[in-house]
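The values are calculated or read from the model by the stated rules, or taken from the named source; none is laboratory data. Quantities reported herein were computed from a predicted structural model and do not represent experimental measurements. Positions of Cβ are generated from backbone atoms using ideal geometry, with glycine treated the same way; all protein chains shown enter the neighbour counts. Note: areas computed on protein heavy atoms with side chains; ligands, DNA, RNA excluded. Shrake-Rupley method; radii C 1.70, N 1.55, O 1.52, S 1.80 Å.
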Amino acid sequence: MIIVLLSDIPWHGLHQRPHHIASALAEHWKVLWVEPTTLGEKSHFRPFFAKPNIYVVTLPTIPYNARAPFIKSSARLLSYVTPLRWMVSLIQFILLRKALKILRWTGESVGFVIHNFQFTHLVGRLRSSFILFDYMDNVFGFTRLPKHVESEWVRTVRMANIITVTSVALAKQIEQV
């Protein structure tokens, strides 16, 4: 089985909770770490070996959390264009399937660990053996997200087989869904 970890942070950089989870899972399974594009950083559209049983691939995203105010507001505005969101989603799926095939995936079900709910639409396009949503930060506390993005968060909560949280406040958010 391959575990697909949908991360909201890049593999390189500060080693955080998602890295520890990926490393623990890699003791038993192959892990594909899916990171979002980061403006100014190199993207890896073909998976690369990060450490034993962990491979990393970069998928394009709409940069809602960009540091530059112009980019953040432009991303928010452009995200209301449904065909643009659909196109980004299609490119993400094509790159994910290609990455899985490079890792010798034969079409069997995969396990999902979700940190980045903006990738959740990818889960429904592949057979999954489990879906774990590890809700570790209040995403609504960092930036104002468009309604369609908030609906992806709700969809993630509803489709997850397992949900873990890092605080009582986050558990209360989940319980309201």
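So that you can scan it fast, the table gives a plain yes or no per residue for (1) under 19 Å from V113 (Cβ atoms); (2) among the charged types (D, E, K, R); (3) in contact with a strand residue (DSSP E or B) (Cβ under 7 Å, 6 or more places away or on another chain):
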{"site": "V4", "(1), (2), (3)": "yes, no, yes"}
{"site": "W11", "(1), (2), (3)": "yes, no, yes"}
{"site": "L14", "(1), (2), (3)": "yes, no, no"}
{"site": "L25", "(1), (2), (3)": "yes, no, yes"}
{"site": "H28", "(1), (2), (3)": "yes, no, no"}
{"site": "V56", "(1), (2), (3)": "yes, no, yes"}
{"site": "L59", "(1), (2), (3)": "yes, no, yes"}
{"site": "R67", "(1), (2), (3)": "no, yes, no"}
{"site": "I71", "(1), (2), (3)": "no, no, no"}
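Being among the basic types (K, R), closer than 26 Å to I3 by Cα and outside any loop (DSSP other than H, G, I, E, B) is a property that does not hold for R76. Restricting the first member to segment 102-123 and to residues that are more than 18 Å from L90 (Cβ to Cβ), and the second to residues that are assigned to a helix (DSSP H, G or I) and among the polar types (S, T, N, Q), the beta-carbon pairs closer than 8 Å and six or more apart or on different chains are I114/T120; I114/T156; F117/T156. When we screen F119, F130, F112 for residues that are within 22 Å of I21 (Cα to Cα), at pLDDT 90 or above, touching a helix residue (DSSP H, G or I) at 6+ places or on another chain (Cβ under 9 Å) and part of a strand (DSSP E or B), the only hit is F112.
Any idea how many residues of segment 35-68 are open to solvent by less than 40 Å² (accessible area, probe 1.4 Å), aliphatic (A, V, I, L, M) and either within 13 Å of P10 (Cα to Cα) or not in a loop (DSSP other than H, G, I, E, B) (or both)? Adding up the residues that qualify gives 5.
When the residues of segment 133-156 are filtered to those that are within 22 Å of Q16 (Cα to Cα) and among the β-branched types (V, I, T), which remaining residue is least open to solvent (accessible area, probe 1.4 Å)? The qualifying residue least open to solvent (accessible area, probe 1.4 Å) is T156.
Is there a residue being surrounded by 12 or more Cβ atoms within 10 Å (Cβ to Cβ) and of a type in the set (D, E) anywhere in segment 106-114? No, segment 106-114 has no match at all. Within the option set S89, S128, S79, being open to solvent by less than 60 Å² (accessible area, probe 1.4 Å), in contact (Cβ under 8 Å) with a residue 40 or more places away in the chain and not hydrophobic (A, V, I, L, M, F, W, C) holds for one residue only, S79.
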